[in-house]
1. Can you list the helices (runs of 4 or more DSSP H) found entirely within the stretch 181-296 that contain at least 3 residues being away from the ligand (no atom under 13 Å from the Cβ) and farther than 24 Å from residue 163 by Cα?
2. Before we move on, is residue 107 away from the ligand (no atom under 16 Å from the Cβ), in the same structural domain as residue 274 (by TED's automatic domain parsing) and out of contact with any Gly (no Cβ under 8 Å at 6 or more places or on another chain)?
3. When residues of the stretch 77-118 are filtered for being free of Cβ contacts under 8 Å to residues at least 24 places away in the same chain, among the hydroxyl-bearing types (Ser, Thr, Tyr) and assigned to a loop (DSSP other than H, G, I, E, B), how many remain?
4. Return the residue satisfying two criteria in turn: it lies in the stretch 297-345 and is within 25 Å of residue 15 (Cβ to Cβ) and hydroxyl-bearing (Ser, Thr, Tyr), and of such residues it is nearest to the ligand (Cβ to nearest atom).
5. Just the residues that are buried (at least 16 other Cβ atoms within 10 Å of the Cβ) and farther than 25 Å from residue 304 by Cα, please, taken from the stretch 221-251.
6. Name the residue, out of 301, 324, 311, that is under 23 Å from residue 57 (Cβ atoms) and out of contact with any helix residue (DSSP H, G or I) (no Cβ under 7 Å at 6 or more places or on another chain).
7. Which members of the stretch 41-76 meet the condition of being assigned to a helix (DSSP H, G or I), of a type in the set (Val, Ile, Thr) and surrounded by fewer than 23 Cβ atoms within 10 Å (Cβ to Cβ)?
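The values are calculated or read from the model by the stated rules, or taken from the named source; none is laboratory data. Keep in mind it's a predicted model, so treat the numbers as computed, not measured. Cβ atoms come from the backbone with ideal geometry, glycine included; neighbour counts cover every protein chain shown.
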Amino acid sequence: MSADIPLLPFEQGRHLLSVLQFDRQGLQALLNLAKAVDPIAKRQAVCTVLDGAMLCSLFFEPSTRTRLSFESAFLRLGGEVTTTTGFTFSSMAKGESIHDTARVVSGYSDVLVVRHPEEGSVAQFAAASTVPVVNAGDGTGEHPSQALLDVYTLESELGARGKSVDGCTIAILGDLKYGRTVHSLMKMLSLYEHVSFRLFAPPSLELPQSVADYAQARGHSVTVLDTVVEAVSSADVVYATRVQRERMTEELAQANAKGDLLNRAMLAEADNLGVVIMHPLPRDSRPDAYDLSTDVDDLPGLSIFKQTDNGLNVRMAIFLTTLGVGLDAVTLTTKQRPWKATLRP
Ligand code: NCD
């Protein structure tokens, strides 16, 4: 199901539903804003620019970092947050429609952040909302704020190595069929020049052809490899993803539960122990999981927790943009903090 919402450029007063709302210039503006608010994200400074503003977050699928980082971002800008999680504790359990829920909740808030298991459902929220709606993941559809924080991380990690996102080689591994972060990331990276995508997916979890076509039509190379080692061998970055077990039959999930997706030995065999390692998280740590091994955690390129930290910056930039707050107003309402939250060595 979907709603006919035009995907207009992301700016003040607009919903954020899809990465397709960005061109290269719009993306750069958002990334610059995310960088500028770094002292607030790092809690070196305290900001009250969103004093009086209310965020309502509605999460109808499990989430840890996405919900908490959206809420933390709003709180760090001085706003207030209300939240509801799961179907059980909202009136959707009594059969209320997306339309009615969105109309009611938008009467209480200035922005909505919504995650829902059905593709197109967040656009339906947006169609009935009287305030901007941010898509925090709609089924296997899109996850635009994750793509923004992934690109922010790619820019800073590749930049620190004297490389650029333009012309980079990125290996993308795992569940490429149901993983919405992969779909959004590949479309967003298509705004850059000459990206080489090297894909590895287990049988039945291959990338939808439409996403490959999208990247190829914009001049990028998309190569499907038979092994992880081949995919990773010439890569600047490896982006691993978990199997989205909740979106498939138990039979298919079991068929894919077979050891590590990526571990240190594979990176050593690919002669690429220094590669930038990314993952949208969560990393599946159950004994039968098929995911990124923890034995890569002390490698120098591990960037998975940089991604989660960067999520704060990017989500602050999303709120400032849709609420029409410029950097001048942020600076005027920011002061040094008198307290320290750092642990002593
Ligand atoms: C991702 C998601 O929800 O799509 N998680 C996240 O938001 N960082 C990836 C996943 O669940 O595997």
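1. Numbers: elements: 209-217, 228-233, 250-255, 264-269.
By residue number, 209-217, 250-255.
2. Values: away from the ligand (no atom under 16 Å from the Cβ): yes; in the same structural domain as residue 274 (by TED's automatic domain parsing): no; out of contact with any Gly (no Cβ under 8 Å at 6 or more places or on another chain): yes.
In short, no.
3. Step one: filter the stretch 77-118 for residues free of Cβ contacts under 8 Å to residues at least 24 places away in the same chain, giving 88-89, 91, 93-97, 104, 107.
Right, trim to among the hydroxyl-bearing types (Ser, Thr, Tyr) and you get 88, 91, 97.
Pick out the ones that are also assigned to a loop (DSSP other than H, G, I, E, B) and you get 88, 97.
Of the residues in that region, 2 qualify.
4. 308
5. Selection gives 248 alone.
6. Details: 301 fails: under 23 Å from residue 57 (Cβ atoms); 311 fails: out of contact with any helix residue (DSSP H, G or I) (no Cβ under 7 Å at 6 or more places or on another chain).
Exactly one residue qualifies, and that residue is 324.
7. Keep residues of the stretch 41-76 that are assigned to a helix (DSSP H, G or I), which gives 41, 65-76.
Imposing the further condition that a residue be of a type in the set (Val, Ile, Thr) reduces the set to 66.
None; the set is empty.
To keep it simple, each residue is scored yes or no on (1) surrounded by fewer than 24 Cβ atoms within 10 Å (Cβ to Cβ); (2) more than 13 Å from the ligand (Cβ to nearest atom); (3) outside any helix (DSSP H, G or I).
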residue	(1), (2), (3)
123	no, yes, no
131	yes, yes, yes
136	no, no, yes
141	yes, no, yes
